[in-house]
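The values are calculated or read from the model by the stated rules, or taken from the named source; none is laboratory data. Being a predicted model, the structure only gives us computed values, none of them experimental. So basically every Cβ, Gly included, is an ideal-geometry build from the backbone, and we count neighbours across all protein chains shown.
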Amino acid sequence: MAEPVQLPLPGFDQARARWRRDYEAQIGTDRVVRNRSGIEVKPIYTPDDWDGSRYMEELGFPGAPPFTRGIYPTMHRGRTWTQRQLIGLGTPEDFNLRIRKIIAAGATGLSLIPCNSVYRGYDVDECPIELLGTCGTTVNSVDDMDRCLEGVDLGRISTALNDPSPFTLLALLLVVAEKRGVPWSSITGTSNQSDYLSHFVANHMFFRLALPGARRVLLDHIEFALEKIPGWNPLSVVGQHMQQGGATPAEAMGLTLSTAIQYATDLIEGRGHAPDKVLPKFTFFFDISISFFEEVAKFRAGRRIWQRIARERFGAKDPRSWRFKFHGQTSGVDLTRQQPLNNIARATVQAMAGIFGGLQSMHVDAYDEVLSVPTEKAAKIAIATQNILREEAHLTDVIDPLGGSYYVETLTNEMEAKIEAVIAKIDAAGGMYRACETGLVQTMLGESALAFQEKVESGEEKIVGVNAYREEGDAVDVPALDRPAREAMEAQIARLVRYKEARDQAATRRALDGLARAANSTSDNVFGAVVEAARAGATHGEICATLRRELGFGDVLVVP
Amino acid sequence: MTERPPKILVTKIGFDGHDRGSRIVAAYLRDAGMDVVYTGPWQQIPAVVKLALEEDIDVLGISSLATDHLLVPKLIEALREAGLGHIPVVVGGIVPPEEEPALRAAGVAAIFHPGASREEIVAEVGRLARLARAAVEGDV
């Protein structure tokens, strides 16, 4: 075995001086290169920057603090990431057809993306028909959910629901499971859009209830899941929204950890839960941009900081509380409309950053996502990309293969410092809830989005086919767009109307009244009342309307 | 009399809430000296028409990331009914190529796709604003 490196290394200083002379002679005036988070990137990294002498403090081994190298001992060599493609289009039948094909193609988890009308809290019979089913599936009732999941074994496949507060899709899913005799204890999956703070500041798609109501219902939902659906992850803190909204990678990680601190504080101090009861349920969801090394460092640093927060700030003792479990989605912001097949190359690099960053599940964007809702062909390529990276490129053979790189370790430390500075800024502003309420976070995102766009405009940041390497007549290679057929949507609306007519009206009324009472009481679990309402036959739109009336619907804080 | 700067309403109709694009474009137009009225997402068509009237805007900009551009023909119809048919409507965001003709036919004056430059957007919106104002003030 080799002896540990001893510094100074014989000949190191002279070799470095010679290199610097040669480098400067050839390059002339060197430009300053900065990554998206604003960290200066040097032309070379050596043991001067990172010498491994703090290996145990900074890295250690996977599965143990500080988790820089991964949260599990085996990482992808044991179990690769869950390939979870976002799917949602048209009617429940359309969705069902699509998921069966995706499962057959190798997807190991499902995700359900509802129609934007669902995100806004409406049923199909109260919306402009032009928009229905164009961006997601129209699912409003237990009947709709049952048809979405026909032929899917709910006890065996994990389901991620894009389901913001008040979590009606989960309620519908639980009732479907009941009807099929599938015990709730066997249901696994994630409430993918439970992070109302990121919705409020960055991705308003999912923002329904006003801030105080959203805060209350999230905590109720988490408590319900802890008690009754042990295999469910009720909380996914969404850094993806922050980065898509404009945050730099370091800012996105910092704001996300600050959000998690807020939720943990609300549960531990506000509701009196033991840290080790709630923290193992925390999951995260991040954007993976094409800034390859920066993204890898972002994830490695994020793991290290989260375990420190869990242990030092919250006093968690159970290692499950310290693990930073995350889903990654390759970034749509980096994709281009020009020469769209190039997006396959972009998504591949992004996916590699996610894999080397140690993620637990992934969605790879389809190359045509910048043109329309992904087509089936493009979605299959996104799955194949992951299969190729795993099976042919063997990216999963070695755990944290970039660990020990002078550059990656230095960058991980520098990103860590940047991220910590963001957390300190939010702490100083009174925590994430307060910082969102006052518009501080929105201003940060707006400034960073504009700064990045300025770099694209000036050509400092080059985008192939957009501000560099443009080709005349590189007309968009148009994918076949499937907009849902109008007749299918008319039938879907008619079906919902019939569903509403056929149910037990008195029971539905009672359950919705019960939901209103729960919202106004301080002790009832609002999410429990949502499940009751779904079981009695109430629809998504009716449940949302009730809570809109009782808890106030949220509007966006417009920050110029 | 000094000429008042072009006044642009930047808004989002329908259900989508992604506002990174609309915020950036609003900042561009403002930096170019235009007077920008900016709203949050999810505006209803009647509310947009009312705002266009009250604010006496020169150009109406609709940002669409998801499929809200499909409502733009209805919006233009509502503007015409309110006597505001002279206001040019521009759309920025994700508009699939095969849906462009329907928007043009409905009267959309310009469509800015991802990758459109600041220069292009500012120049075109400025040009449309001058044309619109000239039309309103009569031939000078």
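None of A:G328, A:G354 is in the same structural domain as A:I99 (by TED's automatic domain parsing), under 19 Å from A:R303 (Cβ atoms) and in a helix (DSSP H, G or I) except A:G354. Give the stretch A:370-394 a look and list any residue that's crowded, with 23+ Cβ neighbours inside 10 Å, among the hydroxyl-bearing types (S, T, Y) and part of a loop (DSSP other than H, G, I, E, B), or say none. Result: A:S372, single match. Within the stretch A:431-467, take every residue that is touching a residue at least 12 places away in the same chain (Cβ under 8 Å), farther than 19 Å from B:A26 by Cβ and among the small types (G, A, S) and give me the one that is farthest from the other protein chains (Cβ to nearest Cβ). Checked the stretch A:431-467; the qualifying residue farthest from the other protein chains (Cβ to nearest Cβ) is A:G431. Being among the aromatic types (F, W, Y) and not in a loop (DSSP other than H, G, I, E, B) is not true of A:Y367. Would you confirm whether or not the stretch A:158-171 contains a residue that is buried (at least 22 other Cβ atoms within 10 Å of the Cβ), of a type in the set (S, T, N, Q), under 17 Å from A:T539 (Cα atoms) and in contact with a helix residue (DSSP H, G or I) (Cβ under 6 Å, 6 or more places away or on another chain)? Yes: the stretch A:158-171 contains one or more residues that are buried (at least 22 other Cβ atoms within 10 Å of the Cβ), of a type in the set (S, T, N, Q), under 17 Å from A:T539 (Cα atoms) and in contact with a helix residue (DSSP H, G or I) (Cβ under 6 Å, 6 or more places away or on another chain). Annotation note: of A:A366, A:A347, the sole residue that is within 17 Å of the chain's Cα centre (by Cα), within 14 Å of chain B (Cβ to nearest Cβ) and surrounded by 21 or more Cβ atoms within 10 Å (Cβ to Cβ) is A:A366. Restricting attention to the stretch B:24-37, the residues being within 10 Å of another protein chain (Cβ to nearest Cβ) and among the acidic types (D, E) number 1.
The requirement of being hydroxyl-bearing (S, T, Y) and in a loop (DSSP other than H, G, I, E, B) is satisfied by A:S165.
Only one of the listed residues (A:F293, A:F284) is more than 14 Å from chain B (Cβ to nearest Cβ), assigned to a helix (DSSP H, G or I), of a type in the set (F, W, Y) and farther than 17 Å from A:L226 by Cβ. That residue is A:F293.
Looking at B:A47, B:A109, can you tell me which residue is modelled with pLDDT of 90 or more and either more than 17 Å from B:V136 (Cβ to Cβ) or of a type in the set (D, E) (or both)? I'd like the intermediate steps shown before the answer.
Values: B:A109 fails: either more than 17 Å from B:V136 (Cβ to Cβ) or of a type in the set (D, E) (or both).
Matching residue, one of B:A47, B:A109: B:A47.
Whenever a residue of the stretch A:527-547 is farther than 14 Å from A:V176 by Cα and among the hydroxyl-bearing types (S, T, Y), its partners that are modelled with pLDDT of 95 or more and part of a helix (DSSP H, G or I), lying with C-beta atoms within less than 7 angstrom and at least six residues away or across chains, give the pairs A:T546/A:L512; A:T546/A:L515; A:T546/A:A516.
Kindly establish whether A:V139 is at pLDDT below 95, closer than 14 Å to A:C544 by Cα, crowded, with 24+ Cβ neighbours inside 10 Å and assigned by TED's automatic domain parsing to the domain that holds A:M362. Spelling it out, it is not the case that A:V139 is at pLDDT below 95, closer than 14 Å to A:C544 by Cα, crowded, with 24+ Cβ neighbours inside 10 Å and assigned by TED's automatic domain parsing to the domain that holds A:M362. Just one of the numbered conditions (1) more than 14 Å from chain B (Cβ to nearest Cβ); (2) in a loop (DSSP other than H, G, I, E, B) is not true of A:C135: (1).
Out of all the residues in the stretch A:368-391, is one or more closer than 16 Å to A:V296 by Cβ, of a type in the set (V, I, T) and assigned by TED's automatic domain parsing to the domain that holds A:T412? Explain how you work it out, then say what you get.
Of all residues in the stretch A:368-391, those closer than 16 Å to A:V296 by Cβ come to A:389.
Now narrow it down to the ones that are of a type in the set (V, I, T): none.
Among the residues of the stretch A:368-391, not one is closer than 16 Å to A:V296 by Cβ, of a type in the set (V, I, T) and assigned by TED's automatic domain parsing to the domain that holds A:T412, which makes the answer no.
Here A:A519 fulfils each of the conditions (1) more than 14 Å from every other protein chain (Cβ to nearest Cβ); (2) under 19 Å from A:L211 (Cβ atoms); (3) touching a His at 6+ places or on another chain (Cβ under 9 Å) apart from (3).
Check the stretch A:210-225 and report whether any residue there is surrounded by 20 or more Cβ atoms within 10 Å (Cβ to Cβ) and within 15 Å of the chain's Cα centre (by Cα). No, the stretch A:210-225 contains no residue that is surrounded by 20 or more Cβ atoms within 10 Å (Cβ to Cβ) and within 15 Å of the chain's Cα centre (by Cα).
Being over 30 Å from A:D334 (Cα atoms) and either at pLDDT below 95 or away from chain A (no Cβ under 14 Å) (or both) is the filter here; which residues of the stretch B:75-105 pass it?
Within the stretch B:75-105, the subset over 30 Å from A:D334 (Cα atoms) is B:75-88, B:105.
Answer for the stretch B:75-105, where residues must be over 30 Å from A:D334 (Cα atoms) and either at pLDDT below 95 or away from chain A (no Cβ under 14 Å) (or both): B:L79, B:R80, B:E81, B:A82, B:G83, B:L84, B:G85, B:H86, B:I87, B:P88, B:A105.
In the set A:M253, A:M242, which member is touching a residue at least 24 places away in the same chain (Cβ under 8 Å), of a type in the set (A, V, I, L, M, F, W, C), within 14 Å of chain B (Cβ to nearest Cβ) and crowded, with 21+ Cβ neighbours inside 10 Å? If you could, list the steps in order and put the result at the bottom.
Values: A:M253 fails: within 14 Å of chain B (Cβ to nearest Cβ).
Just one listed residue meets the conditions, A:M242.
Right, B:A66: more than 21 Å from B:D31 (Cβ to Cβ) and in a loop (DSSP other than H, G, I, E, B) or not? So B:A66 passes the test. B:G40 falls short on exactly one of the conditions (1) under 29 Å from A:G439 (Cβ atoms); (2) small (G, A, S); (3) without any contact (Cβ under 8 Å) to a residue 40 or more places away in the chain; (4) more than 11 Å from every other protein chain (Cβ to nearest Cβ), and that condition is (4). I need every pair where a residue in the stretch A:181-204 that is surrounded by fewer than 24 Cβ atoms within 10 Å (Cβ to Cβ) and modelled with pLDDT of 95 or more has its Cβ under 7 Å from the Cβ of a residue that is polar (S, T, N, Q) and assigned to a helix (DSSP H, G or I), sequence separation at least 6 or different chains. So the pair list comes out empty. From the list B:G61, B:G14, B:G21, the one residue that fits, being facing chain A (nearest Cβ under 10 Å), under 23 Å from B:E119 (Cα atoms) and crowded, with 18+ Cβ neighbours inside 10 Å, is B:G21. For the stretch B:77-112, a residue qualifies if it is crowded, with 20+ Cβ neighbours inside 10 Å and either farther than 28 Å from A:P340 by Cα or without any contact (Cβ under 8 Å) to a residue 12 or more places away in the chain (or both), and the qualifying residues are B:L79, B:I87, B:P88.
Part of a helix (DSSP H, G or I), out of contact with any Cys (no Cβ under 7 Å at 6 or more places or on another chain) and under 24 Å from A:T412 (Cβ atoms): is that true of A:R16 in this structure? First the steps, then the outcome.
Details: part of a helix (DSSP H, G or I): yes; out of contact with any Cys (no Cβ under 7 Å at 6 or more places or on another chain): yes; under 24 Å from A:T412 (Cβ atoms): yes.
The answer is yes for A:R16.
Against the conditions (1) surrounded by fewer than 24 Cβ atoms within 10 Å (Cβ to Cβ); (2) farther than 30 Å from A:V349 by Cα; (3) in contact (Cβ under 8 Å) with a residue 12 or more places away in the chain, A:R308 satisfies every one except (2).
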